[in-house]
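Step one of this worksheet: look at the structure below.
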Amino acid sequence: MEDNSKNFLSHFLEKIFSEKLSILCGAGISYNSGLPVVYQFLTALFEKFELAEEQRQLIYYSDYPFEAIMELLQRETDITDLLRIFELGDYNTNHLFMAYLAKEKRIKNIVTTNFDILIEQAFAVVGLYENIDYNIYSTEEEFANIGWSGNGINLIKIHGTASDLESMAINMEMVATQTMCINKNRVIKQLFNKSLNPTVIILGYSSSDVFDISPEIKLIKNNQSAVLYLEHSKDKEFHIEDITLKVEKNPFTGFVDSHRLFYDTDDFVKALWSLTNLPDYKFISREKVIWNPLVDRWFAQAEKVLTNGFKHQICGRLFHNICEFDSSIDHYDKGIAIALQLNDEQRFSSELGNLALTYNSVGRFKDAVNCLNASLASCERIGNSQGQISQLQSLGNVYKNMGQYDMSEQCFLSASRIIESQGDEYDLCTTLGNLITLYNKTGDYAKTVFYGEKAHELAGKLGIKQSEGSILCSLGSAYYSLGQTKKAIDHMEGGIAIGRLIGNNNIICLGQTNLALIYTHERQYNLAIDLLMTALPLSLSMGTQHNSGLIYLSLGQNHVALDQTSFAMENFEKAKLIWENVFDPDHPNLTILDKEMSSIKNL
């Protein structure tokens with residue numbers, strides 16, 4: 001190794017020796033342990049689903065988290081066999097190195113996104129034992145009890161652990177729904193808190209956890225840890241740069257005194273090892289474990305229980321979630337055809353409802369209404385009241401998007417009557433939330449407040465933070481329209497705070513967009529623009545095209561108010577580009593947009 005490389009590593013080791021190091025590590029550290037990487041695992045699934053290569057690539061290159069894909073599978077099937085894959089494999093050099101550093105008290109906290117139990121294996125090899133030398137934290141409840149300031153070693157498995165399949169399942173659902181993760185979000189804040197963890201090294205991590213970890217890191221503005229991010233490179237010589245320079249997938253753009261190191265992971269660990277007094281270095285790479293039979297068994301069992309159509313339902317939802325709507329429609333159509341062939345009315349009604357959601361997303365509202373009416377009739381025939389509730393909720397939202405507010409109200413009230421007869425408070429909370437959004441649109445703000453306060457109380461009682469945050473934002477809009485500006489802003493900011501607390505970008509985006517509208521009406525145009533510019537990347541990243549168009553429209557209107565017509569027209573054109581691909585030509589939003597653009601052209 002060149003002298004400059006040795007000098008760098010020596011300098012870095014001084015930090016290790018001067019104070020305990022903390023580590024964030026991802027799947028890359030387990031590459032040499034014989035387990036499949038995410039790409040290999042997904043490829044095996046996609047072969048079972050018979051996905052065309054073009055469709056596979058759409059998923060590979062999306063930012064959709066692996067945990068969210070697993071949660072989709074879990075929602076429809078028993079994924080125990082898939083989860084057991086992560087019980088396989090054996091520790092490699094990376095795990096052993098961390099174990100030795102932990103034994104010598106050079107590591108205080110290890111946070112990992114990995115399900116596998118390879119770090120625990122390495123700890124046992126060097127004589128470290130759970131509940132004696134170190135503690136494992138892998139659930140939302142356990143995350144609240146981490147002893148950051150104690151003398152023990154903390155192994156924090158942020159997405160669950162293969163030694164507790166139930167915790168894995170729960171954590172995957174949390175990632176996918178972005179709810180009930182207050183303590184997990186606190187873990188990220190504390191990991192990068194300089195007072196608790198002065199130096200954090202990141203190994204084998206891609207920063208692709210856009211649903212949970214990355215958004216929390218972006219929010220850390222003060223007292224940040226010094227971070228060394230090892231970006232794996234096949235080059236034998238290292239390159240180091242400021243951590244803020246990378247443009248894509250970089251939640252550390254606001255961090256100071258932090259660096260990104262481009263270097264081969266194995267060579268980096270070997271170099272560090274050589275500069276310690278640890279036992280002699282040994283490169284450990286395991287044979288690939290035989291895991292495909294577990295995928296085969298999972299698929300065969302799911303197909304036996306759910307018929308071959310289940311794969312199209314999963315693929316339809318997956319493509320919908322990554323905004324590849326043509327592929328989503330293709331799979332739902334295939335699933336419906338299989339359900340009809342098998343005379344499976346339950347699955348037929350379910351697939352129609354799913355297809356309607358995708359039609360709604362692309363502005364094919366009439367097609368969505370036809371699907372939902374057919375699904376409702378099917379649910380009534382087989383006595384599926386839960387299906388009726390779901391489809392009435394969806395139908396109400398479609399009619400709302402079409403501007404047919406009376407029909408929308410009828411659907412939501414019909415759903416609420418069925419729910420009240422069954423006493424399901426969770427469904428009732430959802431329906432009340434839909435009603436307050438509708439009444440905000442129709443200008444019936446007294447009803448918004450009446451139903452909104454009931455919904456807010458119910459969400460608090462049930463602990464549904466996601467609903468609580470959304471409801472506060474909707475109430476804020478209503479209170480402003482009733483002339484109660486301070487109360488409106490307080491409710492909006494309360495909703496945004498909950499969104500940040502649970503890491504829910506949708507609530508944050510909704511609250512910021514609605515709060516910007518208040519500032520626009522109050523003629524505080526620059527404040528409104530700042531909020532909209534913060535909300536815009538969230539909306540674009542979530543693929544919420546309807547809302548992205550509204551943000552561009554609002555930006556344009558604020559620029560018009562500031563006599564910045566070129567900026568205004570630029571934003572109006574972006575809104576039009578989005579909405580023309582989503583709405584029918586006679587949609588009210590396009591009419592409003594055309595008037596705004598015409599007014600500028602006539603200046």
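The values are calculated or read from the model by the stated rules, or taken from the named source; none is laboratory data. This structure is a prediction, so every number in the text was calculated from the model and none was measured. We place every Cβ from the backbone using ideal geometry, glycine too, and count neighbours over all the protein chains shown. What goes into the accessible areas is simple: the full protein's heavy atoms, side chains included, and nothing from ligands, DNA or RNA. Shrake-Rupley method; radii C 1.70, N 1.55, O 1.52, S 1.80 Å.
The residue of region 575-603 that is nearest to A368 (Cα to Cα), among those that are more than 27 Å from the chain's Cα centre (by Cα) and not in a helix (DSSP H, G or I), is D584.
Within 28 Å of E140 (Cβ to Cβ) and either of a type in the set (S, T, N, Q) or under 22 Å from the mean Cα position of the chain (by Cα) (or both), is that true of N277? Give the steps one after another, and end with the answer.
On the way: within 28 Å of E140 (Cβ to Cβ): no; either of a type in the set (S, T, N, Q) or under 22 Å from the mean Cα position of the chain (by Cα) (or both): yes.
Taking the combined requirement at face value, the residue does not satisfy it.
As for region 548-566, it holds no residue that is in contact with a Gly (Cβ under 9 Å, 6 or more places away or on another chain), of a type outside the set (D, E, K, R) and under 28 Å from I507 (Cβ atoms).
Among the residues of region 532-559, those identified as in a helix (DSSP H, G or I) and open to solvent by 30 Å² or more (accessible area, probe 1.4 Å) are M533, T534, P537, L538, L540, S541, M542, Q545, H546, N547, L550, Q557. With (1) open to solvent by 50 Å² or more (accessible area, probe 1.4 Å); (2) free of Cβ contacts under 8 Å to residues at least 60 places away in the same chain; (3) under 24 Å from the mean Cα position of the chain (by Cα) as the list, and D63 as the residue in question, which single condition is left unmet? Of the numbered conditions (1) open to solvent by 50 Å² or more (accessible area, probe 1.4 Å); (2) free of Cβ contacts under 8 Å to residues at least 60 places away in the same chain; (3) under 24 Å from the mean Cα position of the chain (by Cα), the odd one out for D63 is (2). Annotation: I240 fulfils all but one of (1) more than 20 Å from Q466 (Cβ to Cβ); (2) open to solvent by 50 Å² or more (accessible area, probe 1.4 Å); (3) not in a strand (DSSP E or B); the unmet one is (3). Taking the listed residues L435, L482, L395, L462, the one that is in contact (Cβ under 8 Å) with a residue 24 or more places away in the chain, within 29 Å of the chain's Cα centre (by Cα) and open to solvent by 30 Å² or more (accessible area, probe 1.4 Å) is L462, with no other qualifying.
Please find, within region 163-204, the residue that is surrounded by the fewest Cβ atoms within 10 Å (Cβ to Cβ) out of those that are out of contact with any helix residue (DSSP H, G or I) (no Cβ under 8 Å at 6 or more places or on another chain) and modelled with pLDDT under 85. Of everything passing the filter in region 163-204, E166 is surrounded by the fewest Cβ atoms within 10 Å (Cβ to Cβ). A residue that is open to solvent by less than 30 Å² (accessible area, probe 1.4 Å) and more than 17 Å from the chain's Cα centre (by Cα) can be found somewhere in region 494-505. The single residue among F86, F49, F97 that is at pLDDT 90 or above and within 20 Å of R286 (Cβ to Cβ) turns out to be F97.
Just one of the numbered conditions (1) among the polar types (S, T, N, Q); (2) surrounded by fewer than 22 Cβ atoms within 10 Å (Cβ to Cβ); (3) in contact (Cβ under 8 Å) with a residue 40 or more places away in the chain is not true of N114: (2).
Tell me, yes or no, whether region 521-542 has at least one residue that is in contact (Cβ under 8 Å) with a residue 40 or more places away in the chain and touching a helix residue (DSSP H, G or I) at 6+ places or on another chain (Cβ under 6 Å). Checking region 521-542: not a single residue is in contact (Cβ under 8 Å) with a residue 40 or more places away in the chain and touching a helix residue (DSSP H, G or I) at 6+ places or on another chain (Cβ under 6 Å).
Listed residues F192, F262, F268; which is at negative phi and touching a His at 6+ places or on another chain (Cβ under 7 Å)? Give the derivation first.
Working: F192 fails: touching a His at 6+ places or on another chain (Cβ under 7 Å); F268 fails: touching a His at 6+ places or on another chain (Cβ under 7 Å).
Of the residues listed, the single one that is at negative phi and touching a His at 6+ places or on another chain (Cβ under 7 Å) is F262.
Cβ-Cβ contacts under 6 Å between residues 6 or more apart (or on different chains), taken from a first residue in region 246-261 that is in contact (Cβ under 8 Å) with a residue 12 or more places away in the chain and more than 13 Å from L228 (Cα to Cα) to a second residue that is open to solvent by 10 Å² or more (accessible area, probe 1.4 Å) and basic (K, R), are listed as P251/K218. The set of residues in region 347-388 being part of a loop (DSSP other than H, G, I, E, B), more than 25 Å from E425 (Cβ to Cβ) and open to solvent by 40 Å² or more (accessible area, probe 1.4 Å) consists of R364 alone. Note on region 412-515: enclosed helices (runs of 4 or more DSSP H) holding 2 or more residues that are within 28 Å of L376 (Cβ to Cβ) are 425-442, 445-462, 465-481.
Among residues of region 38-60 being among the aliphatic types (A, V, I, L, M) and without any contact (Cβ under 8 Å) to a residue 60 or more places away in the chain, the one that is farthest from E303 (Cα to Cα) is V38. Checking Q301, Q224 one by one, the residue that is touching a residue at least 40 places away in the same chain (Cβ under 8 Å) and either under 26 Å from D116 (Cβ atoms) or under 30 Å from the mean Cα position of the chain (by Cα) (or both) is Q301 and no other.
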